[in-house]
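Q: Got a structure for you, questions after.
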Amino acid sequence: MDDQILIVERNEACRKLLVYLLHARGLRPIAVRDTSAALAALADATPTLVLLDLVLSDPTGIAFVGRLSELGIPAIAVTGCAMVGDRTRALDAGCIGYIAKPIDTRTFVNLVMSEMRGRPVPG
């Protein structure tokens, strides 16, 4: 998965949209629907970045962020969890960025690319 972005998104339509947007800009996304599939993908290789929904189960999105942190893999939350405190909770869990859904398709890839270049993603 060298230079690939792993997308962990339970919603199929959103998963397809994220893949489309990233692929259209020359990035190499791979998408899975849950953390179990993500763990299997991580057994094969290490992505450059993980984009994940926080509303996942077994392990939860927040717990999965902890696992990614242990592996040294940066993660950005791309999530519908947009209540007061959700951004802080994601960042406290180890996410390096937070993008609330619905995403802005005009700026989404630029946010992801800026993170891949080592600049923080604005919330």
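Q: What is the extension gain from THR107 to ALA40, computed as 0.36 nm multiplied by their sequence separation minus the C-alpha to C-alpha distance, in nm to one decimal?
A: Separation in residues times 0.36 nm, less the Cα-Cα distance, equals 21.1 nm.
Q: Hey, what number do you get for the chain at 222 nm if only DSSP H runs of n ≥ 4 count, each worth -39500 (n - 2.57), divided across all residues, to the nearest 500?
A: -12500 deg cm²/dmol
Q: Also, quick follow-up: Convex hull over the Cα atoms of region 4-113, averaged projected area in nm²?
A: With the hull built on Cα positions only, its mean projection is 6.1 nm².
Q: Counting other C-beta atoms within 10 Å, which of GLU70, GLU9 has the fewest, and how do the rest follow?
A: Fewest-to-most ranking of GLU70, GLU9: GLU70, GLU9.
Q: Ok, one more. What FRET efficiency do you get for HIS23 and ARG117 if R0 is 25 Å and r is their Cβ-Cβ distance, rounded to the nearest 0.05?
A: FRET efficiency, HIS23 to ARG117: 0.85.
Q: With an 8 Å Cα cut-off and a minimum separation of 6 or more residues, compute the relative contact order for the chain in percent.
A: Computed value for the chain: 22 percent relative contact order.
Read-outs: derived from the displayed coordinates by stated rules, not from any lab. The model shown is predicted, which means the values in this text are computed figures rather than measured ones. Note that each Cβ is placed from the backbone with ideal geometry, even for glycine, and that neighbours are counted across all protein chains shown.
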